[in-house]
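Structure first, commentary second.
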Amino acid sequence: SQQGEEDPQALSIQEGENATMNCSYKTSINNLQWYRQNSGRGLVHLILIRSNEREKHSGRLRVTLDTSKKSSSLLITASRAADTASYFCAPKTIYNQGGKLIFGQGTELSVKP
Amino acid sequence: DVKVTQSSRYLVKRTGEKVFLECVQDMDHENMFWYRQDPGLGLRLIYFSYDVKMKEKGDIPEGYSVSREKKERFSLILESASTNQTSMYLCASSPDGFNTDTQYFGPGTRLTVL
């Protein structure tokens, strides 16, 4: 399965600290995407990293990709209470017809003020 | 901005009822998806569609059907609702193309089947 598996399942930190979430997958990918879900809402796309990229930044977000280890990490720097949410990775292979993504169970991040 | 709307935020139905969940997107996306989300199980793909009148089964299609008569609209149908279909239902759409397949999600419908 090309499903991403996030680690840890839950993470609790203080405001201002950095949060790191990891994602592992099993098959070769075209890209890997990270999404955020606030409680009871739909998912929001955060960042997409292509298979030929190693690192990507967007504001306080930093994503790395290691295709040799089939893993990715999402770093949120200087976290805020508003970052409290669930975070999902979604690896995408060329074999996924019609833009299909497989989401894992996510990492539940709690940022305490 | 891409907008994906779902017909209801909350829905309560009785066992055996036929239930329609509607999803509409306004960005002319080719692909549309229906997921359900349950605690401890993450998002699971029910059905997806990559073109009008085209549909493909996802990982858990049993008990569901879909309809895509127009590009912007993707409907999920529970032919005879059961209590184990109580869940959060999420619709998403994405454009077609290599490395441009970000999915845009609706706000979700929380369905309770009594």
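When the strands (runs of 3 or more DSSP E) confined to chain B are screened for residues that are open to solvent by less than 10 Å² (accessible area, probe 1.4 Å), those reaching at least 2 such residues are found at B:19-25, B:31-38, B:42-49, B:73-78, B:87-94, B:109-113.
Somewhere in segment B:22-37, is a residue in contact with a Ser or Thr (Cβ under 6 Å, 6 or more places away or on another chain), aliphatic (A, V, I, L, M) and under 17 Å from residue A:41 (Cα atoms)?
Checking segment B:22-37: at least one residue is in contact with a Ser or Thr (Cβ under 6 Å, 6 or more places away or on another chain), aliphatic (A, V, I, L, M) and under 17 Å from residue A:41 (Cα atoms).
Residue B:62 satisfies every condition listed in (1) within 14 Å of chain A (Cβ to nearest Cβ); (2) free of Cβ contacts under 8 Å to residues at least 12 places away in the same chain; (3) over 23 Å from residue A:38 (Cβ atoms) except (1). Note on segment A:28-37: residues that are within 20 Å of residue A:106 (Cα to Cα) and open to solvent by 50 Å² or more (accessible area, probe 1.4 Å) total 1. For segment A:65-78, the set of residues classified as open to solvent by 40 Å² or more (accessible area, probe 1.4 Å) and part of a strand (DSSP E or B) consists of A:66 only. Within segment A:5-20, the set of residues being at the interface with chain B (Cβ under 10 Å from one of its Cβ atoms) and either more than 25 Å from residue B:38 (Cβ to Cβ) or in a loop (DSSP other than H, G, I, E, B) (or both) comprises just one member, A:9. Six or more apart or on different chains, Cβ under 7 Å: which pairs go from a residue in segment A:14-27 that's closer than 10 Å to residue A:78 by Cβ to one that's assigned to a loop (DSSP other than H, G, I, E, B) and open to solvent by 90 Å² or more (accessible area, probe 1.4 Å)? Could you list them? Every condition considered, the pairs that remain are A:15/A:80; A:15/A:113.
Is it fair to say residue B:105 is of a type in the set (A, V, I, L, M, F, W, C) and closer than 23 Å to residue A:31 by Cα? It is true that residue B:105 is of a type in the set (A, V, I, L, M, F, W, C) and closer than 23 Å to residue A:31 by Cα.
The rows are residues; the columns are (1) open to solvent by less than 10 Å² (accessible area, probe 1.4 Å); (2) not in a loop (DSSP other than H, G, I, E, B).
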{"residue": "A:22", "(1), (2)": "no, yes"}
{"residue": "A:48", "(1), (2)": "no, yes"}
{"residue": "A:57", "(1), (2)": "no, yes"}
{"residue": "A:63", "(1), (2)": "yes, yes"}
{"residue": "A:104", "(1), (2)": "yes, no"}
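With respect to the stated conditions, residue A:11 fails to be of a type in the set (A, V, I, L, M, F, W, C), in contact with a Gly (Cβ under 8 Å, 6 or more places away or on another chain) and open to solvent by less than 70 Å² (accessible area, probe 1.4 Å). Scanning segment A:79-102 for residues that are part of a loop (DSSP other than H, G, I, E, B) and open to solvent by 50 Å² or more (accessible area, probe 1.4 Å), we see that the one that is nearest to the other protein chains (Cβ to nearest Cβ) is A:94.
The values are calculated or read from the model by the stated rules, or taken from the named source; none is laboratory data. Fair warning: this is a prediction, and the values are worked out from it, not measured in the lab. Note: ideal-geometry Cβ built from the backbone for every residue, glycine included; neighbour counts use all protein chains shown. The area values use the complete protein model at the heavy-atom level, side chains included, leaving out ligands, DNA and RNA. Shrake-Rupley method; radii C 1.70, N 1.55, O 1.52, S 1.80 Å.
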